[in-house]
Structures are given as C-alpha cells and as structure tokens.
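Written out below as structure tokens is the structure these notes cover.
The values are calculated or read from the model by the stated rules, or taken from the named source; none is laboratory data. This is a predicted model, so every value here is computed, not measured. Positions of Cβ are backbone-derived with ideal geometry, glycine not excepted, and every protein chain shown enters the neighbour counts. Heads up: the accessible areas ignore ligands, DNA and RNA and are worked out on the full protein's heavy atoms, side chains in. Shrake-Rupley method; radii C 1.70, N 1.55, O 1.52, S 1.80 Å.
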Amino acid sequence: MSKAQTTPIAKAARLLDLVPYISTHQGISLKALASEFDVAPAELLDDLNTLWMCGLPGYTPLELIDLSFESGYVSIRNAEVLQKVRLLTKEELVVIAIGLDLLRDSIPAEREDLDLAITSLANKVKGLIGEVAAIAPSVNSAHRAVILRAMKERRDIEIRYHSLIRDEISDRTITPIEIGEDNGQETLLAYCSKAKAFRTFRLDNFLSATISEQKSSTSKVDQVQEDVYTAKCKINSRLRTTLERFRLDTTVISPKQGEIYEVKSFSQDWLLRNFLSTLGNTQIVDSPELAQLVTEKARVTLDLYRSKVFS
C-alpha cells in the first residue's frame, strides 16, 4: 500500500531536516533514508530533486547544493548554510517563554494539570535561553475580581497594601467606589476606614484582597470631610516638568517662569516627596509647616551622605 502524500508544510519541514541528516549520514541508501523519514521512495526522490535546486542567492552551480543519488546512495556537499538542525531562534524562544508566563498567570487556580504542563514546558524553554525574560501581569486578576464582586454585593474589602508614597505596607478595610485609571495605572477610588477619608489605590500595589463579611455603609461615605493639603510655590526652572509632577494641567494654565502656583493633595507625604524630587527648582512661599518638613527631610538626607554608610 502506497504512502499518502504529505502536505506542503510537512514537506518543507522535511526538506530542512534532510540536509543535516544526510550531511551526517553520507552514502546512506535511498531505501534506508525513505524508511527513516517514513515516506515512499518516489516522494523521497522528488524531495532530493527539489533540494538539488536549492542554495544561496546567485543560484549558479557554485551556490547550489550538490547532491548525488543516481547510484541509489545519497551524499551531499556545499550545504554548510543548511547543515544545522532546524531550531527556533533565541528571539522566538524568548517570545514563547513570555507567552507561557502570561498563559500560566491567566489559568484558574484549580487547573493544576495545566499549570504543571505549562511550567514544565517553560522550564525546558528557559533551560535553552536562560532567565533572559519573564513577564507577569502588573495587576493580579484575582484582586480585580474581588473588588468587582465587593462592589456588586456592596461589601467592604480587607486589603494589604504597599504605599509607595510612604514606602510602607499596611492592612486596611476599604469601601470600593469605582475602578479607574491614572497615568496608565489601574486605580481604585475607595473610602479608607484607616484614613477615614477617600483614597485612590493603585491595583498593582495590592498584596492581598479579601471580601469582608461587613456590608458597606453608605452613611460613613456620605459624611466624609476630605482633608486637602495645599501649598503655594514658585518654580524657578524646569517649568513644564515640575508642573506635570504636581499634576497641574499645562494645557489649561499658561506656564510662566517665576509665577506662583498652588498645588494640592490629600497626602502631605505626597507633597513632601514631590518638593524634594524637584531638586531645588521650586521654592515654597506659602505653607511654613510643609517648608519646615522639606528642610528637615533634606537635611537628614544630606547627613546620610556624610555618614559612614557612604564613606
């Protein structure tokens, strides 16, 4: 019984595999080669005739692959460019490794079989390329699901949160109001029982999130009196960059060097860090308390550079 003809894709793959195989098995018989690749002798002869017309651009006898098989035994010369076994490139393997990381993070926790299979394949790929790339979603999808469910059921959430402003980790009970976006970051507007005020939380800073047994109370949210810290400052240089740092819309106001601007935030720590990060480009002209805090923080920082830690 004759073998079925292979598809064009399978034929192209076989042609690429034939070259390195023949290069390491010079003088192999046509019958043995056909058996090795599980094809009929007639189809193998067609493959060899195709290979005989392959080579480098120019396509003169000097660039073409030199095949000999008329005697019933196959040998090959001038095929150095195709002698390596067909493999994925490092760039292709990196893409696969990144895709596997994303796939593993998106499957349900109960599918341990899929997690095991993906991890096994990812380890094999990274064994070839090393730990050159890894990716994970910036926001844990489980945290987002908890927030959406809590909003739907009108429940509070118990969270562990890493505040980048204060560089501290804290446990909080919050009442979720609305998911939004700020400068490309996914955020949650919520009432924070610890701060007794509205706060905006970045979802990628959530370390854990669980639904509380406690129902959300709309009365406590309605009665919130939000504390807002304000300061007036003069910007001496790097005008547009400094305005954007303080979230002032440069398309609405007309920036002018030396003009006094009012900046606001619910967090005094946020104002403090932003003034320190302007590297002396700003001068606080109204809010003596904040100016004193900035001075003290700057002095402590400078003292650190004079300490033995940096000696």
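Couple of notes before you dig in:
- If the condition is being touching a Phe, Trp or Tyr at 6+ places or on another chain (Cβ under 9 Å) and modelled with pLDDT under 85, then segment 288-311 contributes only 304.
- Yes/no for residue 28 being modelled with pLDDT of 90 or more and not charged (D, E, K, R): yes
- Residues of segment 186-212 satisfying the condition of being of a type outside the set (Gly, Ala, Ser), free of Cβ contacts under 8 Å to residues at least 40 places away in the same chain and part of a strand (DSSP E or B): 187, 189, 191, 192, 200, 202
- From the list 235, 253, the one residue that fits, being at pLDDT below 75 and among the hydrophobic types (A, V, I, L, M, F, W, C), is 253.
- Residue count for segment 51-92, restricted to those that are farther than 15 Å from residue 20 by Cβ, at pLDDT 80 or above and either assigned to a strand (DSSP E or B) or open to solvent by less than 50 Å² (accessible area, probe 1.4 Å) (or both): 4
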